[in-house]
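This report refers to the structure that appears directly beneath it.
The values are calculated or read from the model by the stated rules, or taken from the named source; none is laboratory data. No experiment lies behind these values; they were computed from the predicted model shown. Neighbour counts are summed over all protein chains in view; Cβ atoms, including those assigned to glycine, are modelled from backbone coordinates with ideal geometry.
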Amino acid sequence: MGGVGGSGTRVLATILMQSGFYMGDVRSRDKDNIWFAGMFFSRPAWLTDFKSLRRNTVFRAFSVFESLMFSPFRSLFHMTMSRIQAIFFFALFWRSSVWSGWKRVLGQGTVIAFKEIPFRRLECSRYTGWGWKEPVSHIYLEPLSVYFPGLRYIHLVRDGLDMAFSGNTGQLEEWGQLFGIPAPCGENEMARAALKYWSAANNRAVKVGNKLLGERFLLMNFEELCYAPRQEIKRLSTFLGLDPNALDLDELCGLIQMPSSIGRHKEKDLSIFRPEDIIAKEKVEKRIDRIKSP
């Protein structure tokens, strides 16, 4: 699952884990899969446009990630070797860093790999399925759909104006240039750039996901999840092939807490946005509505 950073994917990941899905053995406090985030969040120097994602290096990176995900179900030796392989691949092949970058990645990667290693073997029978949560996953939808032919992808969208005033700008800073959005300077410029990124990134994710995945692509709205949790969780469970009647819907709904940041744009000066940026946002919203309600 993915979305623009700050869209609320953490609560979806919690719901999926509570429903029996394996989401990786090493996760951040926000439930991000640290392996996927570590390998794919930062844009490699050679990745200058979306066509570059078709390189064989991307599929090799997916292979390393898949090995990491399944290593806890194998032996401790396999788990250890998978992590060593991931560290060196990330440092020497994926990022294409200079030597100073290699040393930094090797050092940080080694700490993460062996600080979090679980000294126990997991059993597949404990889980309904597997997946990962990392918001930036939407960037890789095209190669992911080829590498994982049965992939089901959940894309979470949150109000664009609220997102424009979010402090979560990591994706914008790492990936904005691929959408033609230069690095902003100043608070107002940051909000304008964030709205442009929200429109461009969600528009691309919706187009690519709907085209390549079809019924295996699910669009969800964070506000709807907060206001109508039972209905949205049922829709999510149906998409994943789960029986809603077999789930504890009361417990799952209890995991959702409406943040105070919903509607924060109402207290902001919206005149800082250019008319064309508001029009672009509204076009994306209409496209999302059409796909969600065919």
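Say whether the condition of being on the phi < 0 side of the Ramachandran plot, surrounded by 14 or more Cβ atoms within 10 Å (Cβ to Cβ) and touching a Ser or Thr at 6+ places or on another chain (Cβ under 8 Å) is met by at least one residue in region 263-271.
no
Check region 239-257 and report whether any residue there is at pLDDT 95 or above, assigned to a helix (DSSP H, G or I) and either within 30 Å of GLU142 (Cβ to Cβ) or basic (Lys, Arg) (or both).
yes
Only residues that are β-branched (Val, Ile, Thr) and either over 24 Å from GLY38 (Cβ atoms) or touching a helix residue (DSSP H, G or I) at 6+ places or on another chain (Cβ under 6 Å) (or both): list them for region 140-168, please.
Selection gives VAL157 alone.
Can you tell me which of (1) assigned to a helix (DSSP H, G or I); (2) within 23 Å of SER166 (Cβ to Cβ) is the one ARG290 doesn't meet?
Unmet for ARG290, out of (1) assigned to a helix (DSSP H, G or I); (2) within 23 Å of SER166 (Cβ to Cβ): (2).
I'm told GLY209 meets every condition in (1) in contact with a strand residue (DSSP E or B) (Cβ under 9 Å, 6 or more places away or on another chain); (2) surrounded by fewer than 19 Cβ atoms within 10 Å (Cβ to Cβ); (3) under 24 Å from LEU151 (Cβ atoms) except one. Can you identify the failing condition by its number?
(2)
Scan region 54-97 residue by residue and report those that are closer than 20 Å to GLU142 by Cβ and among the β-branched types (Val, Ile, Thr).
Passing the criteria: THR57, VAL58, VAL64.
What single numbered condition from (1) surrounded by fewer than 18 Cβ atoms within 10 Å (Cβ to Cβ); (2) within 30 Å of LYS268 (Cα to Cα) fails to hold for TYR127?
(2)
Restricted to region 149-166, and to residues that are in contact (Cβ under 8 Å) with a residue 24 or more places away in the chain and part of a loop (DSSP other than H, G, I, E, B), which residue is surrounded by the most Cβ atoms within 10 Å (Cβ to Cβ)? First the steps, then the outcome.
Here is the first cut: in region 149-166, the ones in contact (Cβ under 8 Å) with a residue 24 or more places away in the chain are 150-166.
Next, from what is left, pick out any that are part of a loop (DSSP other than H, G, I, E, B): 150-152, 158-159, 165-166.
Numbers: GLY150: 6, LEU151: 16, ARG152: 16, ARG158: 25, ASP159: 19, PHE165: 17, SER166: 19.
So, considering only residues that are in contact (Cβ under 8 Å) with a residue 24 or more places away in the chain and part of a loop (DSSP other than H, G, I, E, B), the one surrounded by the most Cβ atoms within 10 Å (Cβ to Cβ) is ARG158.
Taking interchain pairs and intrachain pairs at least six residues apart, which have beta carbon atoms under 6 angstrom, with the first residue in region 191-218 and touching a residue at least 60 places away in the same chain (Cβ under 8 Å) and assigned to a helix (DSSP H, G or I) and the second surrounded by fewer than 17 Cβ atoms within 10 Å (Cβ to Cβ) and of a type in the set (D, E, K, R)?
Close Cβ pairs satisfying both conditions: VAL206/ARG287; ARG216/ARG152.
May I ask you to verify whether ASN188 is in contact (Cβ under 8 Å) with a residue 24 or more places away in the chain, touching a helix residue (DSSP H, G or I) at 6+ places or on another chain (Cβ under 6 Å) and under 15 Å from VAL284 (Cβ atoms)? Reasoning before the result, please.
Working: in contact (Cβ under 8 Å) with a residue 24 or more places away in the chain: yes; touching a helix residue (DSSP H, G or I) at 6+ places or on another chain (Cβ under 6 Å): yes; under 15 Å from VAL284 (Cβ atoms): no.
Judged against the criteria, ASN188 is not a match.
Let's see how each residue does on (1) touching a residue at least 12 places away in the same chain (Cβ under 8 Å); (2) surrounded by fewer than 22 Cβ atoms within 10 Å (Cβ to Cβ); (3) touching a Pro at 6+ places or on another chain (Cβ under 6 Å):
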residue	(1), (2), (3)
VAL4	yes, no, no
THR9	yes, no, yes
ALA13	yes, no, no
LYS31	yes, yes, no
LEU53	yes, yes, yes
PHE59	yes, yes, no
LEU76	yes, yes, no
PHE89	yes, yes, no
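When the residues of region 212-223 are narrowed to those that are over 18 Å from LYS281 (Cα atoms) and either in contact with a helix residue (DSSP H, G or I) (Cβ under 9 Å, 6 or more places away or on another chain) or hydrophobic (A, V, I, L, M, F, W, C) (or both), which ends up surrounded by the most Cβ atoms within 10 Å (Cβ to Cβ)?
PHE217
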